[in-house]
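Only one structure is covered here, and it is reproduced in the block below.
FYI, it's all coordinate maths here, none of it is from the lab. Note that the coordinates shown come from a computational prediction; the quantities given were computed from them, not determined experimentally. Positions of Cβ are generated from backbone atoms using ideal geometry, with glycine treated the same way; all protein chains shown enter the neighbour counts.
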Amino acid sequence: MEENNILPNLMFTVGSSLFMTSVKNIRYIGATPEKITVIPHSPNFVRGFCDYAGDSVTMIDLCAVLFGNTPDNEKYFFTVDKYGFIVSEVHGIEPPGEFEQMKHNSGRKYIKSVYTMSNGVYEKYRAHSNSNAVFVPDFERIIGQFKTLR
């Protein structure tokens with residue numbers, strides 16, 4: 001059983017799709033810093049790095065990783081390990097048990113799994129998604145991709 005069904009989940013939007021991840025993975029949630037230092041010759045999905053609480057945090061544009069583009073509405077980020085993931089919007093925390101894992105994957109390289117929301121949760125997030133599907137990013141694979149580029 002995946003941790004998304006036993007631990008609370010952070011709900012967030014990337015582009016026009018709804019995502020979630022177990023709160024176990026999250027160290028910090030906040031507004032995207034205004035000052036991000038660009039890393040020369042880095043891939044398009046690496047925005048740069050910033051100083052947060054004395055740590056240097058590499059900022060990764062999750063929309064660029066997942067969809068190959070960067071919308072103008074990316075206002076928030078959260079950290080997983082020492083990586084900051086920039087997202088469009090952070091919606092809040094949902095309890096476990098409100099999601100059912102689908103039997104198939106999306107076919108996308110950086111999507112770990114796909115869930116459907118219960119009707120109550122779908123009504124809450126309907127304005128942010130046109131389906132009841134919720135995607136779980138594979139942060140280990142995304143971070144691994146960045147580490148191989150260093």
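Quick rundown of the values:
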quantity	calculated
Residue order, fewest to most surrounding Cβ atoms within 10 angstrom, among CYS63, CYS50	CYS50, CYS63
Positive-pole candidate from PHE49, PHE67, ILE93, dipole of region 3-149, charges at beta carbon	PHE67
Angle between the chain longest axis and helix 139-149 axis [Cα atoms, degrees, rounded to 10]	20
Global geometry of region 1-83, whether rounded, prolate or oblate, following the gyration tensor of its Cα atoms and the 1.5 cut on a/c	oblate
Sparse-neighbourhood loop sites, GluC sites (Glu not before Pro) in region 1-67 - DSSP loop, at most 15 other Cβ within 10 angstrom	GLU2, GLU34
Stretchable slack from THR116 to ASN44, in nm (0.36 nm times residue separation minus alpha-carbon distance)	22.9 nm
For region 3-149, the spread of Cα positions along each principal axis, largest first, Å	45, 30, 27
Loop-located chymotrypsin sites (Phe, Trp or Tyr not before Pro) in region 11-79, at most 12 other Cβ atoms within 10 Å (DSSP)	none
Relative contact order computed over region 3-149 (Cα-Cα under 8 Å; 6+ residues apart), in percent	26
Cβ charges +1 (Lys, Arg) and -1 (Asp, Glu), total dipole of the chain, debye	360
